[in-house]
Structure formats: structure tokens, C-alpha cells
Amino acid sequence: MSAPFHLRLVRPALALAAWLLPVHLRAQSPEPPPAEPGVVRLGNLKFVHYGTIFYMKEIAPRHGLKISETIFAKSGDLIPALLKGEFDLVASSAEGAIEARAAGAPVQVVAGFARGGARIIGRSDIEWKGVPDLRGRRVAVPRGGTHEVLLLAELSRHKLRWSTAPGQDVLLVYMQYSTMNAALERREIDATCQSEPQASQAISKGVAREIIKPYGTEAGEPTRVLLMHERVLADPGLAAKVMRCFVDATRTFVEQPALAEEYICDRLFDGKLSRADYRLAFTNARFTYEVSPDEIQGVINAMLQNNLGTIIGYYTRPPPAAGWVRTDLVSEARRALKSDAPLPAAVR
């Protein structure tokens, strides 16, 4: 169940105030100049299962591209930049993609690139049997995005009420991904819905134990998606190059797991992610090419049911996923690169 009625009245007003500014700026300011020919501006997030998207810039030259990358803390942070037209390509959670479309960003989902990558974990000094044990506990999650959707869908499924103020079954504490493990260790919170590799690192360190992989609700197993700006889609040659680069990066990591491990641990995480934690994280994440309109629509439904999202369920609704989730470009790229065979079971 959702937060009390008076809290639901406050959040829409705050969301509206926060989002009027970017929309206003977009209306008054010219769209940023396009990148130089062959340069694709990528907005990305630094998580272990985003490795193939990072690797795209390494192989972009062989596809006639140069990728200019900007890294953000979470998907919601990308939306103002998308509204102002600052990116050609964005790696995002499904929730971030939905919010972007609801806000009017001219982007479409053109592929899925990773699945999984979330766990609800709890302090290792507490005996956990399942989600009902979260009753009476302090549970942290980042505001907005995949992990809030997954957590609240699980709480709702188990008929637990939540609020950011005392008085409900679960006390929600909004925190950043990077701070939640330390808060668990200090016992300032009891549990989190955490991403990878942070969840695996907390488990390996003995700070936490897994309560559940929260994939059993309508939101499903989370799919991270590749969003393409419609100005790139209007250039079929450029769009095809980008998609071939994505398929090539994914195929490389699937066929050369040692290379993927080395690149993500040593290059992406600068040696701060151990090989053991990487392998544990990938028991809960896998690379993919695919996404479907039905998957994205399921996430939309879960967000609306739980009054979630900066935009969703407040003063506008996202358009149906069938109108802006397409699978033809990635299928064409896979055929062009002869990569249209199913992925191995270990990474599907």
C-alpha cells in the first residue's frame, strides 16, 4: 500500500515544482548544437551491469563513431539533460526511460542491455526469512528508479505499509547507492534495496545477507535499456552504426568473459571491484540485447499502482510502451553482425 494521503498530496506539488524549471528552460533556450559528425553523446551510469555500454566507446572507431560519455549518479538525473537535447544515446533503468517519455523527451527505447542487478539485503546480525521480516525496520533505497519500484512493489505484495515518517509498517529512508552499505555497517538502517556490485560487496564483506532478489512482482526482473534520441533515429545510417557498435560490444563480452571481467574490474572500477565480487554480482545480472513493450508496460503499471516516479501518476501519464519501444534496429544489427543466435543460458 502507498504512503498516507497527506504525503501523496505533498509529493506531486514538489515534483511539479522541480520539473517546471527544466521544461521552462527547454522552451526558452535553443537546443544545444548537434555534435560533430560521427560523434555520439552518451549519458551513462556506473554500475557493474552497464559494462557493455562503457565498452562501446572502446570499439566505436571500428564502426565509424566516436562516443563522448558523461556519467550520472542515477537515471533520474539524466532526464533534465534529455529534455534539453544534450544526449544522443542514454543507458537507463526502465523507470528512467518511462519518466523521460512522460516528461516529453523525444527518445525511444531501442534495446535492452542488462537484466537483474538488484537485491534486497539486510544486516548480517539479523535473522531474515523474507520480506515480511521488514516490518518494524528502517529500509533504505534511492529515491526514484528501479530499486524504489522493486522495493515498494514487494512491500505492497506482502501488504506492508510504508512511510518516510514513523507510524507505518516500514520506515523508508532515502539514500544514495554509495552510502547505503556504510549505513548498514553502522546499523543506522536495517535493510536496503541495493544495486550491483554494491549488494555483492556488502555480502562479501559480511555486512549484509540477501533477503530476496525482488523480481516476483508485476515490475518483473529489471531490464536496463538503451534510449536513442529521435534526431539519431532520423539518420538511419548513424542509427545503424550505433546499434552495430552496441551489438558488437555485447557479443564481445559474452564470448570473452575474461575480457569483460578484466575491463569492468580494472578499467571501469579502477581495481576497486574484486574478481570475486564481480563474479558474485553476475550471479544476479546478465547481459542481453532484448526488451519488449510488454516488459516496459509492466513497469509502467507497477509505478502507477504505487504512486511512484517524479512524473508518473501525478499530473501526466506515460504513453503506452508499444508506441516508443522498438526492437527492429537491434534485430537488424544482430543480423548484420551474424549475432542473432540466442545468448548462452548463463548470461540470458
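The values are calculated or read from the model by the stated rules, or taken from the named source; none is laboratory data. These numbers were taken from a predicted model, which means no experiment stands behind them. So basically every Cβ, Gly included, is an ideal-geometry build from the backbone, and we count neighbours across all protein chains shown.
Within region 58-74, the set of residues being in contact with a Lys or Arg (Cβ under 8 Å, 6 or more places away or on another chain) and assigned to a helix (DSSP H, G or I) comprises 60, 63. Just one of (1) out of contact with any Ser or Thr (no Cβ under 8 Å at 6 or more places or on another chain); (2) surrounded by fewer than 24 Cβ atoms within 10 Å (Cβ to Cβ) trips up residue 276, so point out which. It is condition (1) that residue 276 fails. Of everything listed in (1) under 18 Å from residue 69 (Cα atoms); (2) at pLDDT 95 or above; (3) not aromatic (Phe, Trp, Tyr), the single unmet condition for residue 83 is (2).
Of the helices (runs of 4 or more DSSP H) lying entirely inside region 248-333, those carrying at least 2 residues that are modelled with pLDDT under 95 and of a type in the set (S, T, N, Q) are 293-305. Kindly check whether there is at least one residue in region 222-243 that is in a loop (DSSP other than H, G, I, E, B), crowded, with 23+ Cβ neighbours inside 10 Å and touching a helix residue (DSSP H, G or I) at 6+ places or on another chain (Cβ under 9 Å). Yes, because at least one residue in region 222-243 is in a loop (DSSP other than H, G, I, E, B), crowded, with 23+ Cβ neighbours inside 10 Å and touching a helix residue (DSSP H, G or I) at 6+ places or on another chain (Cβ under 9 Å).
Of the candidates 94, 103, the single residue that is surrounded by 23 or more Cβ atoms within 10 Å (Cβ to Cβ), farther than 18 Å from residue 183 by Cβ and assigned by TED's automatic domain parsing to the domain that holds residue 296 is 94. Considering region 174-225, and only residues there that are among the charged types (D, E, K, R) and more than 30 Å from residue 247 (Cβ to Cβ), the residue that is nearest to the chain's Cα centre (by Cα) turns out to be 210.
For region 131-174, the set of residues classified as in contact with a Phe, Trp or Tyr (Cβ under 6 Å, 6 or more places away or on another chain) and more than 19 Å from residue 119 (Cβ to Cβ) consists of 168 only.
When restricted to residues that are closer than 20 Å to residue 233 by Cα and buried (at least 20 other Cβ atoms within 10 Å of the Cβ), region 64-82 contains 4. For region 155-198, filtering for residues that are over 27 Å from residue 270 (Cβ atoms), modelled with pLDDT under 95 and of a type in the set (Asp, Glu) leaves 0.
Pairs meeting the criteria (first residue in region 317-334 and under 19 Å from residue 240 (Cβ atoms), second residue surrounded by fewer than 12 Cβ atoms within 10 Å (Cβ to Cβ) and among the small types (Gly, Ala, Ser), beta carbons under 9 Å, at least 6 apart or on different chains) are 334/341.
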